[in-house]
Amino acid sequence: MARLHEYQVIGRKLPTEREPVPKLYRMRLFAPNEVVAKSRYWYFIKKVSKVKKASGEIVSVNEIFEKKPKTVKNFGIWIRYDSRSGTHNMYKEYRELTRCDAVVACYQDMAARHRARFSNIHIIKVATVKSADVKRAYISQIVDPKLKFPLAHRHKVLDKKYAKTFIAARPSTL
């Protein structure tokens, strides 16, 4: 899957004599490009209100960027997806740098665990979760600020004058 971007798409029904200033509908969508974002907008707006592409217009499409893309954050994602047996609601947590990265991880995770395709997954909401409010065990174990990892396969650094060109024993990596 291509890298996703977050878009804000604003659209409305075409103005008529009966309704000269129609109601605006805004959506935040994740898509690889603007064309797919507009297409997904029309897909979802048809379900929400009686507006379709032929009787509506898109007012603006803006890409939304992360405020702090270099800090690691916890994201909670509420999704709805269609499986072979029915429609399911789900809440998942991811630890990523940006919202887009968390959504890409969600799509990959859903494809791996549930065989769900991009078209079958509807992202309802993406929110930043504080470390104290994390619900899932697989994220809470990484949140600990004193977390340390063992440094395996480290070689002892010797002075060049003591190093031998050829050694009979294999190096110790303990």
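The values are calculated or read from the model by the stated rules, or taken from the named source; none is laboratory data. As the structure is a prediction and not an experimental result, all values here were calculated from the model. FYI the Cβ positions are ideal-geometry reconstructions off the backbone, even for glycines, and counts take in every protein chain you see. Please note that ligands, DNA and RNA were not included when accessible areas were found on the heavy atoms of the full protein model with its side chains. Shrake-Rupley method; radii C 1.70, N 1.55, O 1.52, S 1.80 Å.
Can you work out ³J(HN,Hα) from phi for every residue in region 149-155, in order, using Karplus 6.51 cos²θ - 1.76 cosθ + 1.60 and θ = phi - 60°, giving whole Hz and x for Gly and Pro?
10, x, 9, 8, 6, 9, 9
Can you give the angle from 0 to 90° between the axis of helix 99-114 and the longest principal axis of the chain, with both taken from C-alpha atoms, to the nearest 10?
Helix 99-114 and the main axis of the chain meet at about 80 degrees.
Could you give the length gained by full extension between Arg26 and Ser172, i.e. 0.36 nm per residue of separation minus their alpha carbon distance, to one decimal place?
That works out to 46.5 nm of additional length.
Any idea what the relative contact order of the chain is, in percent, if you count C-alpha pairs under 8 Å spaced at least 6 apart?
For the chain, the relative contact order is 18 percent.
When the Cα atoms of the chain are enclosed in a convex hull and the volume is divided per residue, what value in Å³ results?
Dividing the Cα hull volume of the chain by its residue count gives 214 Å³.
Using a 1.4 Å probe on the protein chains only, how many percent of the accessible area of the chain belongs to carbon and sulfur?
54 percent
Could you give the C-alpha radius of gyration of region 11-111 expressed as a fraction of 2.2 N^0.38 Å, taking N as the number of residues it contains?
Scaled against compact globular proteins, the figure is 1.31.
When Lys and Arg each count +1 and Asp and Glu each count -1, what net charge do the other residues less than 13 Å away from His88, Cβ to Cβ, add up to?
Computed value for this residue: +4.
Once the Cα atoms of helix 34-48 and of the chain are each reduced to a long axis, what angle between those two axes, in degrees from 0 to 90 to the nearest 10, is obtained?
60 degrees
If you take every residue apart from Val143 with its C-beta less than 12 Å away from the C-beta of Val143, what net charge results, scoring Lys and Arg +1 and Asp and Glu -1?
Charge balance in the 12 Å sphere: +3.
Looking at region 40-174, send over the antiparallel percent of its DSSP beta bridges, to the nearest 5.
100 percent
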